[in-house]
Amino acid sequence: MTQEELAERAGVSVRGLRKLEAGEVDRPRPGTVRALAAALAVGAAEWDAFRAGAHPGSAGPFRWPTPRQLPAENPRSAAGERDLAALDAALAPGPAFGVPVVVIDGPAEDAVALMLRWAHRAAPRFPDAQLFAKLRGVGCVRRPPAVVLRGFLRALGVPAAEIPRPVDDAAALYRSLLHERRALVVLAAVRDAEQVRPLLPGSPGAAVLMTSATEPRGPRTPAGGAR
């Protein structure tokens, strides 16, 4: 991997990476270290050994909890096996490139019920992260992607002070942390592509399932429909 490739994958600058490699930075920012570790696919044992060496005498390794953010599903959901099977097919593991993205149309309550029923059933396929967010806030106000992205990064173990302010930089760090991880991203009430684009993982192994914020015209199916 070249310095340029590593910098892009970790969401850091090439200049900053070169300074780190040359030993010109005495104390790199913790967020940068975590981003580089994620980009280099550092395992849990390697990370614990690295942290123990960096902080001798610390009280054992700190382990970030794996995000398990799915809300409880509605036990009275009308989600049918036909709809669930359609989602199984649409979000089945595919070729070694691309991330499957599925939008569920239909009345909001039914669409969310179907989405959560499938997400809970498929959760064992995504042991590395299960992220959830509503993209429509109180009073039906559109939630900015930067706010949602910040919440996801916090859930993935990035301290608030280390989250980049520019959305593009935060999104790059987010993709680095999810690189080659089996993660499920579940989004409710998505309004448009601009709102969701920064929240999309960038490598295989992840999947994205969402519901639309707009009610479809024409006949409505009881449990919504996937497309």
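The values are calculated or read from the model by the stated rules, or taken from the named source; none is laboratory data. Remember, predicted model here, so these are calculated numbers, not experimental data. In this analysis, Cβ positions are derived from the backbone assuming ideal geometry, glycine residues included, and neighbour counts consider all displayed protein chains. Just the protein is used for accessible areas: all its heavy atoms, side chains included, with ligands, DNA and RNA removed. Shrake-Rupley method; radii C 1.70, N 1.55, O 1.52, S 1.80 Å.
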Kindly report the accessible area of the chain per residue (heavy atoms of protein chains, probe 1.4 Å, no ligands, DNA or RNA), in Å². 56 Å²
Quick one: how many Å² of Ser212 are accessible to a 1.4 Å probe, rounded to 10? 20 Å²
Given a 1.4 angstrom probe, I'd like the percentage of the accessible area of the chain that is carbon and sulfur, rounded to a whole number. 54 percent
Calculate how steeply helix 167-177 sits against the longest principal axis of the alpha-carbon atoms of the chain, using the helix alpha-carbon long axis, and give the answer as 0 to 90 degrees to the nearest 10. 80 degrees
Evaluated at q = 0.07, 0.11 Å⁻¹: base-10 log I(q)/I(0), Debye formula over Cα of the chain: -0.26, -0.60
Sorted by chain and then number, the residues having a modelled amide H within less than 5 Å of the amide H of Asp128, at least 5 places away or on another chain, are Arg182
Provide the solvent-accessible area of Asp128, counting protein heavy atoms only and rolling a 1.4 Å probe, rounded to the nearest 10 Å². 60 Å²
Please give the helix 30-39 orientation as an angle from the longest Cα principal axis of the chain, in degrees from 0 to 90, rounded to the nearest 10. 70 degrees
At a probe radius of 1.4 Å, what is the per-residue accessible area of Lys134, in Å² to the nearest 10? 120 Å²
Magnitude of the Cβ-charge dipole (Lys and Arg +1, Asp and Glu -1) of the chain about the Cα centre, nearest 20 debye, reported as 500 debye
Mind checking the angle between helix 145-155 and the chain's longest principal axis? C-alpha axes, 0 to 90 degrees, to the nearest 10. 60 degrees
Which value at 222 nm does the chain reach when only helices count, each DSSP H run of 4 or more adding -39,500 (n - 2.57), with the total divided by all residues and rounded to the nearest 500 deg cm²/dmol? -11500 deg cm²/dmol
Per-residue HN-Hα couplings for the range 127-132 [Karplus 6.51, -1.76, 1.60; θ = phi - 60°; Hz; x = Gly/Pro]: x, 7, 5, 10, 9, 9
Rounded to the nearest 5, what % of the DSSP beta bridges within the chain are antiparallel ones? 15 percent
